[in-house]
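Chemist: Have a look at the structure that comes next, please.
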Amino acid sequence: MREPKKKADLEALRSAFMRVPHMPVAVARYLLDAGYTDLFQLSGRSAESLLAEIRKHDFLADAKTVLPALRLAIYFSENQSAPDKSLLNLHAWE
């Protein structure tokens, strides 16, 4: 018997956060739920403070998976014009 397809989070997939390479859709959703709509809003913020705001809306957000993605998103928002390609993956921010 076939399992039903998961519904895609189209709003998160269409968000500005998905311009960040390797950004998990779930983290884009967390940022949208926390009230962020664009990458420039992340510039100058710390990943830990963003995680604290995310946890106000979704207390189950796992720091192990969310923090590297937030660090990557912050780096990308601050260096969009010339990012270091070696830092554009989640493993570089663990």
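Bear in mind that the values in this text are calculations on the coordinates, not laboratory data. Not measured: the values here are computed from a predicted model. Cβ: placed from backbone, ideal geometry, glycine included. Neighbour counts: every protein chain shown.
Chemist: Among (1) farther than 14 Å from Leu90 by Cα; (2) out of contact with any Lys or Arg (no Cβ under 8 Å at 6 or more places or on another chain); (3) crowded, with 19+ Cβ neighbours inside 10 Å, there is one condition Ala12 misses while meeting the rest; what is its number?
Modeler: Exception for Ala12: condition (2).
Chemist: Just to be sure I understand the filter: pairs with C-beta atoms under 7 Å, separated by 6 or more residues or on different chains, first member in the stretch 71-94 and closer than 15 Å to Met23 by Cα, second member among the charged types (D, E, K, R) and surrounded by 13 or more Cβ atoms within 10 Å (Cβ to Cβ). Which pairs pass?
Modeler: Ile74/Arg45; Trp93/Arg71
Chemist: On to the next question. Within the stretch 74-88, which residues are closer than 15 Å to Gln41 by Cβ and assigned to a helix (DSSP H, G or I)?
Modeler: To start, the set of residues in the stretch 74-88 that are closer than 15 Å to Gln41 by Cβ comprises 74-78, 80.
Listed by number, the residues that qualify are Ile74, Tyr75, Phe76, Ser77, Glu78.
Chemist: When you go through Ala47, Ala63, Ala34 one by one, which is the residue that is free of Cβ contacts under 8 Å to residues at least 24 places away in the same chain and surrounded by 14 or more Cβ atoms within 10 Å (Cβ to Cβ)? Walk me through how you get there before you give the answer.
Modeler: Details: Ala47 fails: free of Cβ contacts under 8 Å to residues at least 24 places away in the same chain; Ala63 fails: surrounded by 14 or more Cβ atoms within 10 Å (Cβ to Cβ).
Only one candidate qualifies: Ala34.
Chemist: Could you check, for the stretch 65-80, whether at least one of its residues is over 19 Å from Ala12 (Cα atoms) and among the basic types (Lys, Arg)?
Modeler: Initial filter on the stretch 65-80 (over 19 Å from Ala12 (Cα atoms)): 75, 78-80.
Then drop every residue that is not among the basic types (Lys, Arg), which leaves none.
Checked the stretch 65-80: no residue is over 19 Å from Ala12 (Cα atoms) and among the basic types (Lys, Arg).
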